[in-house]
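The values are calculated or read from the model by the stated rules, or taken from the named source; none is laboratory data. Quick caveat: nothing in here was measured; it's all calculated off a predicted structure. With ideal geometry, Cβ positions are generated from the backbone for all residues, glycine too; neighbour counts draw on all protein chains shown.
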């Protein structure tokens, strides 16, 4: 019998941070595997290098600070690293990917004091650092070439692409009238980031919502926040703006909606705050895509809203029981 | 044109410096408001446990930063926290063995009723009469120890303030 | 679940584990040889003993009278008071308390626990006040959790209009089934007690709220109230902490008790089902509150069940009646698993507020180590009071109790919902329990410091006056001496002349 006097409650829901992280990894897996399938061993090398670098950096940081090296730290690092590589071009040089993972761990998380203390999403921070430092490598989008004995349909579809992302070509040409096939786009069979297969991300996301891993409020409001203004813009000038569905299916929007914006550490904790946070993310993504200098604005939008997150949380404190309405 | 922009900044600095020094002259306060604010909080027992002869001197020392906010044993943790907020000085975190506020108690076998202690008590927390056993009112006693120093019989013992000794309380959690 | 509007804010859904102890009837034990009756059964001042060592007492005789917010205590069995001394108590921290050590007369014949012969209370009443007095005499306290004297609570209704009497049969704590079985087996007594309570608090109608995981109790109550138009039985969803008075009121009446106010301020009066049964026994039969039903449960116990035991029975004796332990009990919890506290010594007696004793196996317990907070916000969603547990805990961890107070710490129920759901397994409840106590002590210290300041000021003023007076006297003396006569002699001559 324990002789300690222990505080209530004496039972627990069984939910642990480690389990949460594991479920996020599971949610990411379909889209990751699709990316590896489409982009071959070079993508696999990138993912492996980044994971090894991320975990190694984490281990070193913990060691230097004489903190315990738990499995928890590792699973959160895996999530961060996966999110980073899935938002990178699939053939991004592996050593730069490893550098990115190290940056995510050191400057995204550890300098703030470790897990739970960071203000900005580590993966997005690292992505922005890479984008600014290596602009050429970061905008090199290869067409998908499935590695395995390719299914005829995928092969057919994949033939149609050249080296520009949907958003990139809209940005370059200033016209939305591009050769666009919806079906391959939905499955990520188009030039784009490693983890850019919207339908699989959506499935993973819905599974996580069902498992109560992420809050549906952030995901739903982010999608609405991007969908509504893009629908209006498309209705006004359909020649220069992508259709709303294509907006949702392209770039990192789905990844952001279900995996990046929902990062608990950098998002508000209040239910209402989460709504506003999601709406803000979605709207900023739209604004940067349409008016910004970059074709895709997910990373910047998330970082901006991360900075606002404490403010949103403070402004959306809900009414406590028994307080006057 | 450039000369204007080069000069304008130093000029601005000079004007503002003047304004500030003038404001300092005209709006100067006779007394340091911080010292007053500190004095307001101190128990005023003049017990001297902080190393200063009285609370007024201690307040000045605190405002100058030579004395920490946790120097006043009679005030306890509550006072230390208030002072640390007022002074903007962080308290040393309460790690290790926590010290609780103390009060004194008279050992009835030793007290001979000399009345020295209750004449000395700054808070009138000791009752008694000549040649009679004295008693300490523990809900007033601040544990300043003025009585301890004058007692010829060494009859005083310190004990934890009953406020902190009233049954068991949940300790602050220590994270693994 | 996603969009359904729940009756209360926040809350959690722990696994009930009620089936462990709810399937067997309430066990009644022969009288134990020795009882240890604590003088401090609940918060407030300890009751004042009215018996002394060596006294003979009869069952039902008052052995300690309530004072300063405490209730009377009666002897559950006839016997002899051995002594009144300290004994280990089943309280948080496991300290000792003054207890009446009662050596019971052995009655090997009686297998029914409640003695048939006992000193009856006077049960005549005409007015509400007199009815409340009977309840006060019987030493009845709320058996739900707060253990507040029922009569004190009832007296507060004399000055306020109570519209509705709410009877709490939620028993939202997992494992506990004592209220469930009381509702099933003593539904007539419960309803009888409700009728008395309606009279005592002046309410027009009563609603019994029962969580929907107790269908049999519901059924018994519906049958028992079939002739009462003003008593309604309502099913509530199984949702922790439905049984907390504030949440219970919110669920049944759709009103919130404003901060700093009491339930009677919103026209409702809440009482627990087992208390109703006790009130019935007191008013109908003149039987004081000397026994209660206790749940003994947990994965480490051989035969979990409910036992009706005299107040003061040692926990170790109750365990023996349940067939002992079948495996190591990693934690022994007094109360429910969400809000109860651990004890380390089974040689401590049950009290009026002891609803359950749980012997938890290691597998049932939460993990011990905690990880850093990832601000997942689950605690915010789970808090039934709408507080921000993560923010409050952070302030407390950094010793900023003032800010924690501003975040609404005083509203915290210590219900444990936040800590139950916390993926980081942070001891949130302990933070709040610690801070609540610490803030209270600091407030007392502050008041003391203020008192000390005032006394010091008065003292220096007095000393000054004395000094002035002394100086004046000295001056007068001097003046008198210079006039040739000492003032004393001058006074004497005046006396002689008159």
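With the checklist (1) under 22 Å from residue B:171 (Cα atoms); (2) facing chain A (nearest Cβ under 10 Å); (3) touching a helix residue (DSSP H, G or I) at 6+ places or on another chain (Cβ under 8 Å) in hand, flag the one item residue C:410 doesn't pass.
(2)
Kindly indicate whether any position in region B:32-48 is outside any helix (DSSP H, G or I) and more than 13 Å from the chain's Cα centre (by Cα).
Yes, region B:32-48 has at least one match.
Would you check if residue C:234 is surrounded by fewer than 19 Cβ atoms within 10 Å (Cβ to Cβ) and either more than 27 Å from residue A:8 (Cα to Cα) or out of contact with any strand residue (DSSP E or B) (no Cβ under 6 Å at 6 or more places or on another chain) (or both)?
Here the answer is yes, as residue C:234 does meet what is asked.
Do you know which residues across region B:139-176 are more than 7 Å from chain C (Cβ to nearest Cβ), more than 18 Å from residue B:49 (Cβ to Cβ) and in contact with a helix residue (DSSP H, G or I) (Cβ under 9 Å, 6 or more places away or on another chain)?
Result: B:152, B:154, B:155, B:166.
For the subset of region B:117-133 comprising residues that are touching a helix residue (DSSP H, G or I) at 6+ places or on another chain (Cβ under 6 Å) and farther than 18 Å from residue C:448 by Cα, which member is nearest to the other protein chains (Cβ to nearest Cβ)?
Residue satisfying both the conditions and the ranking: B:120.
Which of the residues belonging to region C:318-351 are assigned to a loop (DSSP other than H, G, I, E, B), facing chain A (nearest Cβ under 9 Å), farther than 18 Å from residue C:178 by Cα and in contact (Cβ under 8 Å) with a residue 60 or more places away in the chain?
C:344 - this is the single residue of region C:318-351 that is assigned to a loop (DSSP other than H, G, I, E, B), facing chain A (nearest Cβ under 9 Å), farther than 18 Å from residue C:178 by Cα and in contact (Cβ under 8 Å) with a residue 60 or more places away in the chain.
Just a yes or no: is a residue in region C:399-406 facing another protein chain (nearest Cβ under 9 Å) and more than 30 Å from residue A:109 (Cβ to Cβ)?
Yes, region C:399-406 has at least one match.
Pairs, please: C-beta under 6 Å, at least 6 apart or cross-chain, first residue in contact (Cβ under 8 Å) with a residue 60 or more places away in the chain and in region B:120-135, second part of a loop (DSSP other than H, G, I, E, B)?
From residues that are in contact (Cβ under 8 Å) with a residue 60 or more places away in the chain, the pairs are B:122/B:45; B:122/B:46; B:123/B:140.
For residue C:440, are the conditions met, namely being within 30 Å of residue C:14 (Cβ to Cβ) and at pLDDT 90 or above?
Against the criterion (within 30 Å of residue C:14 (Cβ to Cβ) and at pLDDT 90 or above), residue C:440 does not qualify.
Working only within region B:47-72, note down all residues that are under 25 Å from residue B:118 (Cα atoms) and buried (at least 20 other Cβ atoms within 10 Å of the Cβ).
Selection gives B:47, B:50, B:55, B:58, B:72.
Return yes when residue C:435 is closer than 30 Å to residue A:320 by Cα and at the interface with chain A (Cβ under 10 Å from one of its Cβ atoms) and no when it is not.
No, not satisfied.
What single numbered condition from (1) facing chain C (nearest Cβ under 10 Å); (2) assigned to a loop (DSSP other than H, G, I, E, B); (3) within 15 Å of the chain's Cα centre (by Cα); (4) at negative phi fails to hold for residue B:68?
(1)
Return the residues of region C:384-398 that are outside any helix (DSSP H, G or I) and either crowded, with 22+ Cβ neighbours inside 10 Å or within 10 Å of chain A (Cβ to nearest Cβ) (or both); say none if nothing qualifies.
Correct list: C:384, C:385, C:386, C:387, C:388.
Residues A:29, A:33, A:55: which one is in a helix (DSSP H, G or I) and either within 13 Å of chain C (Cβ to nearest Cβ) or over 17 Å from the mean Cα position of the chain (by Cα) (or both)?
On inspection, the qualifying residue turns out to be A:55.
Could you list, in sequence order, the residues of region C:352-383 that are in a loop (DSSP other than H, G, I, E, B), buried (at least 23 other Cβ atoms within 10 Å of the Cβ) and more than 7 Å from every other protein chain (Cβ to nearest Cβ)?
C:352, C:354, C:355, C:383 - these are the residues of region C:352-383 that are in a loop (DSSP other than H, G, I, E, B), buried (at least 23 other Cβ atoms within 10 Å of the Cβ) and more than 7 Å from every other protein chain (Cβ to nearest Cβ).
Could you list all residues from region A:78-116 that are more than 18 Å from residue A:260 (Cβ to Cβ) and without any contact (Cβ under 8 Å) to a residue 12 or more places away in the chain?
Of everything in region A:78-116, those that are more than 18 Å from residue A:260 (Cβ to Cβ) and without any contact (Cβ under 8 Å) to a residue 12 or more places away in the chain turn out to be A:111, A:113.
Only one of A:250, A:219, A:267, A:230 is over 30 Å from residue A:170 (Cα atoms), buried (at least 24 other Cβ atoms within 10 Å of the Cβ) and in contact with a helix residue (DSSP H, G or I) (Cβ under 7 Å, 6 or more places away or on another chain); which?
None of the other options fit; the residue is A:267.
Evaluate the following for residue C:430: is it facing another protein chain (nearest Cβ under 8 Å), within 23 Å of the chain's Cα centre (by Cα) and part of a helix (DSSP H, G or I)?
Answer is yes for this residue.
Quick grid of which residues meet (1) surrounded by 14 or more Cβ atoms within 10 Å (Cβ to Cβ); (2) modelled with pLDDT under 90:
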site: C:412; (1), (2): yes, no
site: C:431; (1), (2): yes, no
site: C:448; (1), (2): yes, yes
site: C:479; (1), (2): no, yes
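Which number in (1) at pLDDT 90 or above; (2) touching a strand residue (DSSP E or B) at 6+ places or on another chain (Cβ under 8 Å) marks the one condition that residue C:69 misses?
Failing condition for residue C:69: (1).
I'm told residue C:310 meets every condition in (1) surrounded by fewer than 23 Cβ atoms within 10 Å (Cβ to Cβ); (2) away from chain A (no Cβ under 11 Å) except one. Can you identify the failing condition by its number?
Against the list (1) surrounded by fewer than 23 Cβ atoms within 10 Å (Cβ to Cβ); (2) away from chain A (no Cβ under 11 Å), residue C:310 comes up short only on (1).
Please specify each residue of region C:237-254 satisfying the condition of being closer than 14 Å to residue C:162 by Cα and either away from every other protein chain (no Cβ under 14 Å) or surrounded by fewer than 22 Cβ atoms within 10 Å (Cβ to Cβ) (or both).
Within region C:237-254, C:253 is the sole residue that qualifies.
Among the listed residues C:162, C:182, C:188, C:103, identify the single one that is in contact with a helix residue (DSSP H, G or I) (Cβ under 6 Å, 6 or more places away or on another chain) and surrounded by fewer than 16 Cβ atoms within 10 Å (Cβ to Cβ).
C:188
Inside region A:285-303, can you point out the residues that are surrounded by fewer than 18 Cβ atoms within 10 Å (Cβ to Cβ) and either assigned to a loop (DSSP other than H, G, I, E, B) or in contact with a helix residue (DSSP H, G or I) (Cβ under 7 Å, 6 or more places away or on another chain) (or both)?
A:292, A:293, A:294
Having 3 or more residues that are under 21 Å from the mean Cα position of the chain (by Cα) and within 23 Å of residue C:294 (Cα to Cα) is the bar; report the helices (runs of 4 or more DSSP H) wholly within region C:182-253 that clear it.
C:187-201
Does region B:109-116 contain at least one residue that is away from every other protein chain (no Cβ under 14 Å), in a helix (DSSP H, G or I) and either touching a helix residue (DSSP H, G or I) at 6+ places or on another chain (Cβ under 6 Å) or within 23 Å of residue B:46 (Cβ to Cβ) (or both)?
yes
What's the number of the condition residue A:19 fails, among (1) within 13 Å of chain C (Cβ to nearest Cβ); (2) surrounded by fewer than 17 Cβ atoms within 10 Å (Cβ to Cβ); (3) touching a residue at least 40 places away in the same chain (Cβ under 8 Å)?
Exception for residue A:19: condition (3).
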